[in-house]
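Below is one structure, written out as structure tokens; comments come after it.
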Amino acid sequence: MPGTEETEGNTASHRRRRVSVSDDGVLDFPAMESVIGLVNRIQKACTVLGDYGADNALPTLWDSLPTIVVVGGQSSGKSSVLESIVGRDFLPRGSARELRLEIGSKSEREGGGGRGRGWRRAEEEEEEGLEGANISGGRRRRGAKAEEGRRRGGCDNDQLMRGCDDRAEATAEGCDGRPASSLSLSLSSPSGIVTRRPLVLQLHKTEQGQEEYAQFLHQANKKFTDFSLVQKEIQDETDRVTGKTKHISPLPINLSIYSPNVVNLTLIDLPGLTKVAVEGQPESIVQDIENMVHSYVEKPNCIILAITPANQDVATSDAIKLAREVDPNGERTFGVLTKLDLMDRGTNALDVLEGRSYRLQHPWVGIVNRSQADINRNVDMLDARRREREFFATNPDYGHLASRMGSEYLAKLLSKQLESVIKARIPGIMSLINQSINELEAELNHLGRTVAVDAGAQLYTILELCRAFDRIFKEHLDGGRPGGDRIYGVFDYQLPAALRKLPFDRHLSLQNVRKVVSEADGYQPHLIAPEQGYRRLIEGALNYFKGPAEASVDAVHFILKELVRKSIGETQELKRFPTLQADIAAAANEALERFRDDSKKTVLRMVDMESSYLTVDFFRRLPQEVDKGGIPAASSVDRYTEGHFRRIGSNVSSYVVMVLETLRNTIPKAVVYCQIREAKQSLLDHFYTQIGKKEGRQLAELLDEDPVLMERRQQCGRRLELYKSARDEIDSVLWTR
């Protein structure tokens, strides 16, 4: 592209020299270029890595950097001030519109060709646009040549047209020598909001004779030597983010200009304050702009460059009003008064410039910008600076202030102030950087590493995550975390309570014992002891144990499922991967189901074993009814007495109690062996087998992270990169090379 050159970037070599500390504790840097260049580089890193103070969810370095923010209402001359400081036309001026001017003669016409005396220049600069302006003549005084024409008692066409666009069309008399009371002119002037994104303007002073050029951060490999292309690129880059609308965006554009005609300085140009929304803008645009500007100027590290036109009452200045809100003592505010050459004849701005009208801690600086006609005629900016110096040097009102007026003085003043603030704030910035690095590294460790792309690494990652879950699950069981005690509660409270509630009294009642024993004897009554009756009563009683045994298995199964759920939630590494979480939970629960089935079979077998083989010795030790001669009573009548059946019920009850105590101890053992032991040893064994069979694509699906956490890790990674880069930049200045 014409006007651009490819470049690999600029490098500077420095001799190593330690930074000293002054008596007041402020770092003494070797050169102003070092500290301002330091902030420039950190600001660039902030822009690249997404830190421009808009995200409160992450620590921000942008807000802690000392900056100079240019604030002013639309048509205040803000853009012209920036271009005067740079010495180049580089800012977009918006789309053209027709501005109606009426220029009239307020004094008597004099001789000399019939030209009227006292022509006054209408307000012609609307750099950032107020729609539908209709400005009456007779309000503003022209520049030096126009004044000279007035002193001669008239004006010629060239003098008049310097206040208008070359394409302006005179539609009334007066310029050709004929009398006229008014002159209607149509000229091109910008409209709408031109600055719709913050512009971080970094100025770098180069050696005399070197070529001037500009570089954008988003096109770092290009040099722009044609500054009209800089205008176009700013507009194109703005449209890329905001579209062709008139909306605004907080995303900054970073522009560096290298020139022997500038001082080392960084400025941030913000959208001009406005009071009404124009066509194509949302109704909220007024508040949106004010909020954006306020977010910059409210920071204690911000130096406010408040632009106010001299033809406006300072008390009603948008910039001064906003500065007063955030800096009531004027300690951070520099007042700039523009359009001094456009004030009414016989008036001046000394009350403001000398601090009587509105006092600030820093002196006011007056500026004389180029006129719209100068801009249209491409008047050289260096020539405009010379004319500005001449204006203050020759003006009887401002001559005594000439040494501290003008854009050149303003640039030097701001550069010196910025250097001073940076030096004072570097220690605090270093402390913030170190603290933020520690916090971000801790959060990144918490969020986990970035997932690898190859299948082997992904399989390793999955197995590591499973082991982390398994470790936490075992800690719950073994007492390192809460939960395992609930299983002990099942064995120590729930199972004994359930056994005590079994309906043995009903089963061993006299009526039921008689019924069972009689039915067991059948047609042949028992001879000595009703053995079949005993067996049926015991088997019936032992069957009641199956309910509590199964309930214990289910209770432990429920607790294990809860511990799986809690363990997954407590495994921080797994939070990144919801799909893997679900699969691990499903695999663990499936394994617990198998363990429960095995445990139920085991405890039921234990009950059945007690029923299938009775302990004979227990019955042999039972006391026998013996007659006086030592011969057991064997009367058939006695066998069916009420006492006989009660004795049978009592014997069966004693045996059941013995079995109850046995099962009370062995059921927990079976549950622990079949469920808890297996859960600790082989909870995910089947899952491991299935994982080993999966292909790379399937493994990647398991490691499909939660998008919120992925975004958070990326944000933290970029912010950590920014802070480390800033730390390195500061170190490079503290030990310059």
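A compact table of results
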| item | result |
| --- | --- |
| Residue count, the range 352-373 (criterion: more than 19 Å from ARG332 (Cβ to Cβ) and surrounded by fewer than 19 Cβ atoms within 10 Å (Cβ to Cβ)) | 3 |
| Flag if ASN376 is surrounded by fewer than 22 Cβ atoms within 10 Å (Cβ to Cβ) and free of Cβ contacts under 8 Å to residues at least 40 places away in the same chain | no |
| Qualifying helices (runs of 4 or more DSSP H) (wholly inside the range 558-673; at least 2 residues being modelled with pLDDT of 90 or more and in the same structural domain as ARG471 (by TED's automatic domain parsing)) | 578-612, 642-671 |
| Search result, residues across the range 29-42 that are modelled with pLDDT under 75 and under 18 Å from PRO198 (Cβ atoms) | none |
| Residue list for the range 469-483, filter: buried (at least 18 other Cβ atoms within 10 Å of the Cβ) and not hydrophobic (A, V, I, L, M, F, W, C) | ASP470, LYS474, HIS476, GLY483 |
| Wholly within the range 288-391, helices (runs of 4 or more DSSP H) carrying at least 3 residues that are at pLDDT below 90 | 372-376 |
| Single residue of VAL86, VAL26, VAL69, VAL21 found to be within 21 Å of THR308 (Cα to Cα) and either at pLDDT below 50 or surrounded by fewer than 22 Cβ atoms within 10 Å (Cβ to Cβ) (or both) | VAL69 |
| Residue check, ARG332 surrounded by 22 or more Cβ atoms within 10 Å (Cβ to Cβ) and among the charged types (D, E, K, R) | yes |
| Residue count, the range 217-230 (criterion: surrounded by fewer than 17 Cβ atoms within 10 Å (Cβ to Cβ) and out of contact with any Phe, Trp or Tyr (no Cβ under 6 Å at 6 or more places or on another chain)) | 6 |
| First in the range 286-297 and not assigned by TED's automatic domain parsing to the domain that holds ILE248, second anywhere and assigned to a helix (DSSP H, G or I), Cβ under 6 Å, 6 or more apart | none |
| The range 43-66, subset polar (S, T, N, Q) and more than 19 Å from ARG713 (Cβ to Cβ), residue modelled with the highest pLDDT | SER64 |
| VAL517 of a type in the set (A, V, I, L, M, F, W, C), part of a helix (DSSP H, G or I) and modelled with pLDDT of 90 or more | no |
| Residue in the range 511-519 that is under 30 Å from LEU444 (Cβ atoms), touching a residue at least 24 places away in the same chain (Cβ under 8 Å) and in contact with an Asp or Glu (Cβ under 9 Å, 6 or more places away or on another chain) present | no |
| The one condition in (1) of a type outside the set (S, T, N, Q); (2) under 24 Å from GLU298 (Cβ atoms); (3) in contact with a Gly (Cβ under 8 Å, 6 or more places away or on another chain) that VAL278 fails to fulfil | (2) |
| Residue in the range 476-492 that is over 29 Å from the mean Cα position of the chain (by Cα), more than 30 Å from ILE648 (Cα to Cα) and basic (Lys, Arg) present | yes |
| Test: residue in the range 406-426 that is charged (D, E, K, R), surrounded by 15 or more Cβ atoms within 10 Å (Cβ to Cβ) and not assigned by TED's automatic domain parsing to the domain that holds ARG385 | no |
| Scope the range 193-231; condition of a type in the set (D, E, K, R) and part of a strand (DSSP E or B); matching residues | LYS205, LYS222, LYS223 |
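Yes/no per residue for (1) under 28 Å from GLU475 (Cα atoms); (2) polar (S, T, N, Q):
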residue: TYR544; (1), (2): no, no
residue: LEU560; (1), (2): yes, no
residue: LYS566; (1), (2): yes, no
residue: LEU574; (1), (2): yes, no
residue: THR579; (1), (2): yes, yes
residue: ALA586; (1), (2): yes, no
residue: THR602; (1), (2): yes, yes
residue: THR615; (1), (2): no, yes
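The values are calculated or read from the model by the stated rules, or taken from the named source; none is laboratory data. Because the structure is a prediction, the values reported are computed rather than measured. Cβ coordinates were reconstructed from backbone atoms using ideal geometry, including for glycine residues, and neighbour counts include every protein chain displayed.
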